[in-house]
């Protein structure tokens, strides 16, 4: 048995800064583009379309992510993606006032296409940074969760502040510069050799079949999708629930801020005291915890109770997200780990967008309907995952590090 190793000195700090910079640009880019169009007097639908050009291509990320597992140095792939993201974003915002909208749209599609490398792609580097002990890995995953929470707030905030003092175009260029800085920091991360030669690395659809055939990866996939869909209804629900809570409409900001604060608090908790136990079981338990917190938010009698419930959802979701990162790390076959990170990350982002859109579509029926469905679907997913695990319990001892409990020949490329 190989001896546990300590994480490379300074590697995690560089990772956190690189990930936060890259993800802030990814999160703030949509806001910057929409503001550029609106400040120029363009129609709202053009702003929405150009914003979608950044987010929609994330779904195609798994089909371009194979180089993460085949490249001799995966850092070069991620750094190149960061440079492309920044360069195309900068070119798009500079081109918008002077060219037909199709030109910046194509540039933003290119920017969005490499976006998954800045989310799941960077996360796939954690195993090489955090050492080989489970405690070290999970502590690092807590930091990774925190970078997502920080960037989701920091990116739009940077855009808002710079736009107020200068212009949205300058804000977008600052975000582009952040990705260039992130690319430089990625090169300073510890080197990890590829786990397999190119011919041994599965193709994207083969990788998806590997995930579906492996009980633990399959549960990681559908629990991640359902929980991402569920928590994405919260911003819409917050706006429409303030009247029933006896509060002003502006109080919706307090609810969404409470969720964000809870998410960061959960990340901090993971850093200080990483969760123990098998990631597979933790995901089910934490999905159930998210469902309970959503149910409490549904029945909160007043604003302050709702604030506490939204914060509780944030804490539970942070722990759940960290458990899914642990599952991706611990159960993925090494020759497909990068692709699996991107597959799950891309589907998570898509599910979150779908959750927000569906909440907006159905909330007119009843203000609590999105939250009711979110609670029910999350409870159902947790129950299904438990039954899924019990159904394959006799073979569970054979499922480790990408070797599924169920008969599976999918790990042979």
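Read-outs throughout are calculated quantities, based only on the coordinates presented, and are distinct from any laboratory measurement. Keep in mind that what you see is a predicted model, and the values were worked out from it rather than measured.
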Handout entry: Listed residues 181, 291, 391, most fluctuating in the chain (Gaussian network, C-alpha, under 10 Å)
Key = 391
Completion exercise
Under the helix-only model (-39500 (n - 2.57) for each DSSP H run of 4 or more, divided by the residues of the chain), the mean residue ellipticity at 222 nm, to 500 deg cm²/dmol, is -23500 deg cm²/dmol
Exercise for the section: Quick one: grab Rg to one decimal and Dmax as a whole number for the chain, Cα atoms only, in Å. Expected result: 20.9, 65
Handout entry: For the chain, built as a Gaussian network whose Cα springs stay under 10 Å, the top-fluctuating residue of 82, 254, 172
Key = 254
Exercise for the section: Taking only Cα atoms and a 10 Å spring cutoff, compute GNM fluctuations for the chain and point out the largest among 46, 31, 77. Expected result: 46
Handout entry: Pairwise centroid distance, computed over Cα atoms, of region 334-395 with region 147-186, Å
Key = 29
Completion exercise
Checked region 1-194 against the a/c 1.5 cut and the a/b vs b/c comparison, axes a ≥ b ≥ c from its Cα gyration tensor; verdict prolate
Fill in the blank from the handout: For the chain, averaging the sequence separation of alpha carbon pairs under 8 Å that lie six or more residues apart and dividing by its residue count, the contact order in percent is 24
Problem - Net lengthening on full extension, residue 256/residue 44 (0.36 nm per residue, minus Cα-Cα) - result: 73.9 nm
